Each structure stands twice: as C-alpha cells, then as structure tokens.
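One structure below.
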Amino acid sequence: MSFEKINVNTDIRHWLHTIEQGYRYTAGPIGTKFLEGIKAGKLLAGKCPVCGRLLIPPKAFCQYDFAEIKDLVEIAPVGVVRTYTVVYEDSYGNKLAKPVIIGFIEFPGVVGGLIHYIINAEPNNVRAGLKVRPVFKPESERRGSITDIIGFEPI
Ligand SMILES: [Zn+2]
C-alpha cells in the first residue's frame, strides 16, 4: 500500500465554473427560516428545546443531545472575529485591486459561527476579538441568501 502526498499546490485541481447539472438543494425547514430571517435583516439562531443552546447556523438536530430543533430566536447583531484570512490574489494568481478579508465570526452565547467578508476595514486593523456587525443589502435587493449580508464591519 502506498500513500500519495500532495507537495505542491499546483497538484490540487479546482473547478472554477458552474457544473451544468439540474440539481437544486433545499436549505431544509430550519435553514429556510434562517434565510428568511436574513432577508428580514435579522440573525436567527436555532434554540435546542432540551439543552437550550443556541446554534448558528441552525441545524435540524442539536449536536449535543440530538433533539430536533424547530424554534429560532433572534440574536443580537454583534459578532466577534475568531479568526480571519486576507486574500490578495484571485484564483489565477492575479493581484486583486483591493485585498479581501474573510473571517469566522462567532456570536456571544451562541454555538457555531458564520464565515463571511469583513468589510470597511483594512487588513492591519483586523484582529481576533474584533467586534463586528452585519451590513445588509437594501431590503429590495435581498433574496433570502447569506449574501443578503454584504459583510461584517467593525463596530
Ligand atoms: Zn441540545
């Protein structure tokens, strides 16, 4: 038996275009409610009926006790950057006009978090622990998607 190890990242292939298949995925009942919340300009977390934990993004079942989660509660739109990365090049290695910052954002008292853009900030000013808030698109442009949030900006 042999193991192959990828040593250079040119060995890793990625697909840059849409796969032309007719598949559609549903966000599921709880995910749909979460996206409807975003469309309304709210962050909703799933609330477990057994342990009371709040989870974001909400899941159909609690990861601690497997209880079914049906209820969502609005949480304060205040997040904390747990970790982040700064992207300087596109997938082809071309330098971006402006670096893009992507962060993992947690919410106090809530299990999980969201990966999203960090906006209205310079890379030098972003750090773990930075408090951020969501910036939503204008209501008329929201479609019930995570991209209804433009990004999270420092508070
Ligand atoms: Zn639970």
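Read-outs: derived from the displayed coordinates by stated rules, not from any lab. The structure presented is a predicted model; accordingly, all values stated were derived computationally and were not measured. Cβ coordinates were reconstructed from backbone atoms using ideal geometry, including for glycine residues, and neighbour counts include every protein chain displayed.
For (1) in a strand (DSSP E or B); (2) over 13 Å from Pro154 (Cα atoms), each residue gets a yes or a no:
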site: Glu74; (1), (2): yes, yes
site: Thr85; (1), (2): yes, yes
site: Tyr92; (1), (2): no, yes
site: Lys98; (1), (2): yes, yes
site: Ile105; (1), (2): yes, no
site: Ile115; (1), (2): yes, yes
site: Ala121; (1), (2): no, no
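Which of the residues that make up segment 38-58 are at positive phi and within 12 Å of the ligand (Cβ to nearest atom)?
So the first thing to find is which residues in segment 38-58 are at positive phi, and the list is 41, 52.
Once the filter is applied, which keeps residues that are at positive phi and within 12 Å of the ligand (Cβ to nearest atom), segment 38-58 yields only Gly52.
Suppose we filter Ile119, Ile101 for residues that are among the hydrophobic types (A, V, I, L, M, F, W, C) and within 24 Å of Lys39 (Cβ to Cβ); which single one remains?
On the way: Ile101 fails: within 24 Å of Lys39 (Cβ to Cβ).
When all the criteria are applied, what remains is Ile119.
Could we say that Asp71 is among the acidic types (Asp, Glu) and closer than 26 Å to Lys39 by Cβ here? Criteria met by Asp71. Residues in segment 123-155 that are polar (S, T, N, Q) and not in a loop (DSSP other than H, G, I, E, B): Asn124, Asn125, Ser140, Thr147. In segment 59-79, the qualifying residues are those that are over 19 Å from the mean Cα position of the chain (by Cα) and among the aliphatic types (A, V, I, L, M), and the one that is farthest from the ligand (Cβ to nearest atom) is Ile69.
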